[in-house]
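I have placed the structure first, in the form of structure tokens, so that the comments after it can refer back to it.
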Amino acid sequence: MKRISPIVLLSFIVFFVACNQPTKEYTSEKLEKVYEEAGDNKAELEKVITHYSEKQEDSLKLKAAYFLIENMLEHSYAKAKLVDTTKQIVSFDVLDYENYDQMVAAWDSVEAKIGTIDFVRDTLIYDSQVLTADYIIKNIDLAFQAWQKPWAKKLSFDKFCEYILPYRGSNEPAEDWRSYFLEEYSWLEDSLKDVTDPIEVTKLINTNLKSWFSFDARLYRHPTDLGLKEMLDLKVGRCEDMTNLAIYAIRANGVPVMSDYVTHWPNTGNNHAWNSTYDKEGNVVIFMGAEANPGDYHLNNKKAKVYRKTFSIQDNSLAEIKPEYEEAPGWLAGNHFIDVTAEYIPVVDFSIKLNDNFEMPDSVNFAYLTVFNSGKWEATAWGKIDFDKKQLDYENVGTEIAFMPCFYNDSLIPANYPFILDSLGKANYIVADTSNTFDYSFYSTTKRIIIKTTDEIRKADFKENTEYELFYWDKKWVSLGTQLSEKDKALEFKNLPKGALFWLKIKDGKDEERIFTINENGEQVWW
């Protein structure tokens, strides 16, 4: 027998020991932040790491555990309460009313008596502070079990981690939905024509979901995302709940399911979320949980930006690259999403020059693209300020849409005039010429309507004997006066500035009417 030299033997022992050290010694900046947030619950998270460190065959599960825990920062469930302007709690259950219109009428009646009411955050429950080791371990083990399904075996570990492994879809209560839906669809494999086809699996499960769960607009005024227990009880939800339900049921059975969304529609009110998944060739296919199967779902509204939720923290997100002192508006301040606009529509990259007529706040490095949505300019994309070239740079943006660039400092501040972005990436500014005016007769406006699980816009005749107000944009909405509508008569407005962006709405109404320009042929063009 050939003897092994002491040096070789020592090297082998060092290598063996190093490779089999408990990986719980591993640390990172992300992990340390989670442990700090976890407080006394840090021990539960460490138990998960220890559990998978003890067995060599669990090395991939250990990586999955690190993925979940490292990206757990700020994942949470927020409880809310309905209050008036004095912060007194208001009792109001949206499901006490037969339909959406009755609920809104009742809400408006309450506000007429006591003033504005709104939901505010009551308690924020961080996952890192409450999830137990047993819960996380069970979630990981069941996710790996689902990954062994014949239709899931080709799925990469990275996509598995992002779109099957996570225990939550958004900000709902964390519950054990995997066990429920594994049992509920135990018949799946025996019902498939092609056991390698994830789309067939998705259709079978989603068809079942459609049989007992549906959209209900009353839940627009529900303050939080529903958990599975609430879904099973109520059997209705809004689009966010429907996408989460599909995530639970289909991810539990080994198909990667994503939640894609628009922060604000650019040509109507509200926002929207829906599902997507991958076919056998890796192509993205969209569907709507509990409403429409892959191949049957279509998005009719224009799209300025489309984002996809991720469980992991995105290092190139605005939240991660902006200076800590700089604030960001709304949903764009998050760090758990990626831009997938180019998967849906043709996009352009473009730049617009800074305008000396618009004051830039101090210490800002980013500027935003806003769209007009339910009476407000709402941020839907961000871009960097190039101070050397004195311009704002934007990437992957949808076209044929009215935008207004804005800075952000506690609120959105116009950075230039509104513009229409054409298909070549040119910004065609809309600037009112108050020295050149004309008269115009209006015969209709628009209204927002609920179509299936989101909102669209339709032409609307004037309500009889109702006061309408016309505005044009000049760094703010400037009134051109009011007119009282009469049956079968146009609204006549005089001295309108040429080239302006207009907005005609019911005075003191709900602000759902769309903005428009008037083209060279005298036609209204809605945006």
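FYI, it's all coordinate maths here, none of it is from the lab. Just so it is clear, the structure is predicted and the values come from calculations on it, not from any experiment. Cβ placement follows ideal geometry from the backbone for every residue including glycine, while neighbour counts extend to all protein chains displayed.
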Query - For segment 28-86 and segment 416-440, distance of Cα centres in Å - result: 50 Å
**Report entry** lysines with Cα under 18 Å of residue 229, excluding same-chain neighbours fewer than 8 positions away
**Finding:** 79, 210
Query raised in the report: So for segment 79-122, Kirkwood radius off the Cα pairs, Stokes-Einstein at 20 °C and 1.002 mPa s: how many µm² s⁻¹?
Result: 197 µm²/s
Query raised in the report: Which residues' amide hydrogens lie under 5 Å from the amide hydrogen of residue 430, considering only partners 5 or more residues apart or on another chain, with H built in the peptide plane?
Result: 419, 420
Report task. Calculate how steeply helix 59-70 sits against the longest principal axis of the alpha-carbon atoms of the chain, using the helix alpha-carbon long axis, and give the answer as 0 to 90 degrees to the nearest 10. Result -> 40 degrees
Requested in this report: Could you check the simple spin-label distance between residue 50 and residue 386, using points 7 Å along Cα→Cβ, in nm with one decimal?
Outcome: 5.5 nm
Report summary line: Once phi for every residue in segment 274-286 is put through the Karplus expression 6.51 cos²θ - 1.76 cosθ + 1.60 (θ = phi - 60°), the whole-Hz ³J(HN,Hα) values, with Gly and Pro written as x, are 8, 9, 9, 8, 10, 8, 4, 8, x, 7, 7, 10, 9
Requested in this report: With unit charges on the beta carbon (Lys/Arg positive, Asp/Glu negative), name the residue among 107, 399, 503 whose Cα is farthest towards the positive pole of the charge dipole of the chain.
Outcome: 399
Query raised in the report: If one computes P(r) from the Cα atoms of the chain, what percent of pairs lie at distances over 41 Å?
Result: 31 percent
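Dipole of segment 318-428, Cα-centred, from +1 at each Lys and Arg C-beta and -1 at each Asp and Glu C-beta, to the nearest 20 debye? Mind showing how you got there, number by number?
Details: 7 positive and 18 negative charges, 60 e Å.
Here segment 318-428 has a charge dipole of around 280 debye.
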**Report entry** For segment 462-477, Karplus couplings with θ = phi - 60° (6.51, -1.76, 1.60), whole Hz, Gly/Pro x
**Finding:** 5, 6, 5, 6, 10, 8, 10, 10, 10, 10, 10, 9, 9, 6, 6, 7
Query raised in the report: Charges only on Cβ, +1 for Lys and Arg, -1 for Asp and Glu: so what's the dipole of segment 433-526 about the Cα centre, in debye to the nearest 20?
Result: 260 debye
Query raised in the report: So what's the gap between the Cα centers of segment 368-408 and segment 444-492, to the nearest angstrom?
Result: 26 Å
Query raised in the report: Which cross-chain or sequence-distant (5 or more) residues have an amide H under 5 Å from the amide H of residue 373, H modelled 1.01 Å from N in plane?
Result: 378
Query - Residue (of 160, 372, 179) at the positive-pole extreme of the chain, dipole from beta-carbon charges - result: 160
Report summary line: Quick note on 180, 35, 368, ordering by fewest other C-beta atoms within 10 Å, gives 180, 35, 368
Requested in this report: Taking only the C-alpha atoms, wrap a convex hull around segment 314-433 and report its volume per residue in Å³ as a whole number.
Outcome: 122 Å³
**Report entry** Within the chain, helix-based [θ] at 222 nm, where runs of 4 or more DSSP H residues each add -39,500 (n - 2.57), nearest 500
**Finding:** -7500 deg cm²/dmol
Report summary line: Tilt, helix 6-19 to longest principal axis of the chain (alpha-carbon atoms), in degrees rounded to tens, equals 40 degrees
**Report entry** Order of 434, 123, 268 - criterion: other Cβ atoms within 10 Å of each residue's Cβ, fewest first
**Finding:** 123, 434, 268
Query - Using alpha-carbon coordinates, inclination of helix 239-251 to the longest axis of the chain, degrees - result: 20 degrees
Report summary line: Going from the fewest other Cβ atoms within 10 Å to the most, one would list 85, 399 as 85, 399
